[in-house]
1. In a shell of Cβ-Cβ distance under 14 Å around residue 112, excluding residue 112 itself, what net charge do Lys and Arg (+1) and Asp and Glu (-1) give?
2. Apply the membrane-span-like helix rule to the chain: whole DSSP H runs, Cα extent along the own long axis of at least 20 Å, mean Kyte-Doolittle hydropathy at least 1.0. List the helices found.
3. Select from 47, 107, 7 the residue farthest towards the positive end of the dipole of the chain; place +1 on Cβ of Lys and Arg, -1 on Cβ of Asp and Glu, and compute about the Cα centre.
4. Kirkwood Rh and Cα-based Rg: tell me the resulting Rg over Rh for the chain, rounded to two decimals.
5. For residue 92, what is the net charge nearby, where nearby means another residue's Cβ is under 12 Å from its Cβ and Lys, Arg count +1, Asp, Glu -1?
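Readers should treat all values here as calculations from the given coordinates under stated rules, not as data from a laboratory. Just so it is clear, the structure is predicted and the values come from calculations on it, not from any experiment. Positions of Cβ are generated from backbone atoms using ideal geometry, with glycine treated the same way; all protein chains shown enter the neighbour counts.
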Amino acid sequence: MRIGELARRTGTTTRALRFYEAQGLLSARRSANGYREYGEDDVRLVVEIQALQAVGMTLEDTRPFVACLRAGHDSGDSCGDSIEVYRRKLAEVDACLARLGTVRAELAEKLTEALTRRDGFLDPCVVPTT
């Protein structure tokens, strides 16, 4: 299949596919007239890349999964390097959640302090109506 059909079947653009190829994630065969030619295995690679990006992976993160599929495995996460990417990304998410938890606690504390100071006083930001 040519690049336009691959783009349609995977819900992406020809530009994205060319970029994947430039990054070494996808490799097209060239027909006699120079057109890029792809097979069913390429559909699978693109779908895998898109699914991984949808959960926050970078293109660089997808490399071990693509390599695993190219090696003939049924799943891109059957290989040890892919599992390591999952572990690393999960640790990054956990660290982000911890930071967000700290920020949330600080904001809640500031809100509580502000409400405590405000008790018994008119809100200076609200104009009383008569």
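1. Charge balance in the 14 Å sphere: 0.
2. none
3. 7
4. Ratio value, two decimals: 1.35.
5. Here the count lands on +2.
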